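Contents: one structure, followed by commentary.
The values are calculated or read from the model by the stated rules, or taken from the named source; none is laboratory data. Note that the structure is predicted; figures quoted are calculated from it, not measured. Positions of Cβ are generated from backbone atoms using ideal geometry, with glycine treated the same way; all protein chains shown enter the neighbour counts.
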Amino acid sequence: MTARPNLAFRVSRKGTTLGEHHVAFTRTDGMLTAETTLDLTVKLAFITIYRLTLRARETWSDGALIAARVDSTANGRTSFVAAERTGDTLTVQGTGAPRYTAPPGAVIACHWNRGQLGVPLINPQTGALLDIAVTPRGPARLKDAAGAARDAERFALTGAYTIDLWYATDGTWMALQAAVPDGSSVIYSPIA
């Protein structure tokens, strides 16, 4: 995988900011490391009704996931996912999944990697495999963090959850829209 720019998104619902999602990339000795931080708080009036924190660290080499660790807390309940490659085998375990050998090409569903669209996905909060179908939705024009219009491709992911993802033609993650149970959407907008 090539070096890529760091990513930052404002996460909102019904025009209210819920938090931010950041992905920082470093390259050392031919390895790409992606470190994800996600902090969300949903309030009703002045009362917090949902809080999610997630910290993920993925290590990649030659386009393959070598290792990953994800720790998250949702409303006080902690969970983890750990993955490690030995040879061609990726072993995964998590709070919601006993230790198993992942299917070939499987990755953690952290969305920054456009390559996730054609491979098995691992739930970043439980470690379980996700039942997801990917449908291309065609080209779009979106503004990047600097406000410049860029060509993008839109993809719908349905099954275990319903989200739309947009990637620039160079593969950079640009936006996300997720359906939530009340019929509204959570929207990721790029920020500088």
Response to the item:
In segment 149-192, residues that are of a type in the set (S, T, N, Q), without any contact (Cβ under 8 Å) to a residue 60 or more places away in the chain and farther than 26 Å from Phe25 by Cα total 2
Worksheet, complete the sentence: Residue pairs within 7 Å by beta carbon, gap of at least six or interchain, first lying in segment 83-102 and without any contact (Cβ under 8 Å) to a residue 24 or more places away in the chain, second of a type in the set (D, E, K, R) and part of a strand (DSSP E or B), listed first then second, are Thr91/Glu84; Thr91/Arg99
Fill in: Residue match in segment 88-108 (condition: closer than 21 Å to Ser185 by Cβ and charged (D, E, K, R))
no
Discussion item. Just to check your reading of the model, which residue among Ala192, Ala148, Ala97, Ala156 is over 23 Å from Leu32 (Cβ atoms) and surrounded by fewer than 13 Cβ atoms within 10 Å (Cβ to Cβ)?
Written reply: Ala148
Worksheet item: Consider Val180 against the criteria (1) within 23 Å of Val70 (Cβ to Cβ); (2) exposed (fewer than 14 other Cβ atoms within 10 Å of the Cβ); (3) at pLDDT 95 or above: it satisfies all of them except one. Which criterion is unmet?
Response: (3)
Worksheet entry | Sole exception among (1) part of a loop (DSSP other than H, G, I, E, B); (2) surrounded by 14 or more Cβ atoms within 10 Å (Cβ to Cβ); (3) modelled with pLDDT under 95; (4) in contact with a strand residue (DSSP E or B) (Cβ under 9 Å, 6 or more places away or on another chain) for Leu142, by number | (1)
